[in-house]
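The values are calculated or read from the model by the stated rules, or taken from the named source; none is laboratory data. Keep in mind the model is a prediction, meaning the values are calculated, not measured. Because the Cβ atoms are built from the backbone with ideal geometry, glycine has one as well, and the counts that use them run over all protein chains shown. Surface areas here come from the heavy atoms of the whole protein model, side chains and all, with no ligands, DNA or RNA. Shrake-Rupley method; radii C 1.70, N 1.55, O 1.52, S 1.80 Å.
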Amino acid sequence: DFEGAIGVSNDSVDGVDIHLTDRQVEALRMKDKKVVYHNNYFELPGHRYDLILLLDVLEHVREDGKFLDEIADRYLSNAGHLIVTAPAFPFLYSRHDEFLAHFRRYTRKELTRLVQDANLSCIRSGYLFLSLLPIRLTEILRERMTGGGREGPQGVGGWAAGDALTRVVTAILRCDIRLSFFLNSFGMAIPGLTVWVVCRKRA
């Protein structure tokens with residue numbers, strides 16, 4: 001499971017996840033020849049990227065605004081686009097976020113303001129995973145009512161369901177994403193578990 005920054009420039013694709021070990025980086029490079037994986041930003045080539053994806057990255061960074069500004073300034077081309085996803089809604093912050101080392105969650109307004117402060121223009125924004133929001137909300141309410149929760153020492157990698165159920169869940173989430181983008185095309189940002197923005201450098 002890859003959570004991190006991805007930079008795309010012409011036919012070059014670089015992926016960065018600082019939580020990967022050197023052995024995992026080598027394994028990913030052998031498995032996927034189209035992407036060059038790294039576990040730090042210092043190995044990135046000197047060129048700028050036409051597209052940068054920050055996939056669930058900012059919530060792990062203490063100084064998120066400074067980090068975003070540096071990434072955009074150092075790595076994004078003048079005509080490039082940057083896409084950010086992050087966990088939505090601060091009131092949903094829970095033991096699950098603590099386990100995943102999240103410093104925060106974001107509203108769409110907060111993430112948009114962060115982008116603008118990094119000298120980027122927000123082109124479009126919205127939410128994903130509408131169907132997961134009631135489930136997470138129920139878990140939060142149970143956690144706060146009981147003073148605890150069921151969250152064990154596992155993250156996304158702890159998913160252990162069979163292939164059949166995995167395919168069903170994957171299909172449901174894909175439909176969820178399509179519905180989110182469809183509604184967003186009509187200016188309807190229905191709340192979901194993930195918030196996203198598409199932005200570019202200001203002219």
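Annotations for the structure displayed:
- Descending by average beta-carbon neighbour count within 10 Å, the peptides 132-140, 76-84 line up as 76-84, 132-140, the highest first.
- Length-normalised contact order of the chain in % [C-alpha pairs under 8 Å, at least 6 apart]: 24 percent
- Cut-off under 5 Å, modelled amide H: who pairs with residue 49 long-range: 76, 77
- Highest-first arrangement of 86-95, 22-31, where packing means the average Cβ count within 10 Å: 86-95, 22-31
- Accessible area per residue for the range 75-138, computed on protein heavy atoms with a 1.4 Å probe, is 48 Å².
- In order along the range 37-43, phi translates into HN-Hα couplings of 8, 9, 10, 7, 8, 6, 7 Hz, rounded to whole numbers, per the Karplus curve 6.51 cos²θ - 1.76 cosθ + 1.60 with θ = phi - 60° and x for Gly and Pro.
- In degrees, nearest ten, helix 108-117 long axis to first principal axis of the chain (Cα): 20 degrees
- Applying a DSSP loop filter and a limit of 12 other Cβ atoms within 10 Å to the trypsin sites (Lys or Arg not before Pro) in the range 36-93 leaves 62.
- Extreme residue, positive dipole direction of the chain, given options 166, 184, 100 (C-beta unit charges): 184
- Net charge contributed by nearby residues that have their C-beta within less than 14 Å of residue 184 (K/R +1, D/E -1): +2
- For the range 1-132, the dipole from Cβ point charges (+1 on Lys and Arg, -1 on Asp and Glu) about the Cα centre works out to 320 debye, to the nearest 20.
- Tilt relative to the chain, helix 163-184 - C-alpha long axis, 0 to 90 degrees, to 10: 70 degrees
- Of the residues 47, 72, 132, the one whose Cα sits farthest towards the positive end of the charge dipole of the range 26-139 is 132 (charges of +1 on Lys and Arg Cβ, -1 on Asp and Glu Cβ, taken about the Cα centre).
- Angle in degrees between helix 64-75 and the longest Cα principal axis of the chain, rounded to the nearest 10: 30 degrees
- When all alpha carbon pairs of the range 1-114 are counted in 10 Å bins from zero, the resulting P(r) reads 13, 43, 33, 11, 0 %.
- When the solvent-accessible area of the range 46-136 is split by element, carbon and sulfur atoms take up 54 percent of it, the probe being 1.4 Å.
- Spacing of the two label points (7 Å from each Cα toward its C-beta) at residue 113 and residue 189, in nm: 1.3 nm
- For the range 1-68, the square roots a ≥ b ≥ c of the C-alpha gyration tensor eigenvalues yield an a/c of 1.5 or more together with a/b not exceeding b/c, which makes the shape oblate.
- With 10 Å bins from 0: P(r) over the chain, alpha-carbon pairs, percent: 8, 30, 37, 21, 3, 0
- Site pair residue 47 and residue 175 shows an inter-label distance of 4.2 nm when each label is modelled 7 Å from Cα along Cα→Cβ.
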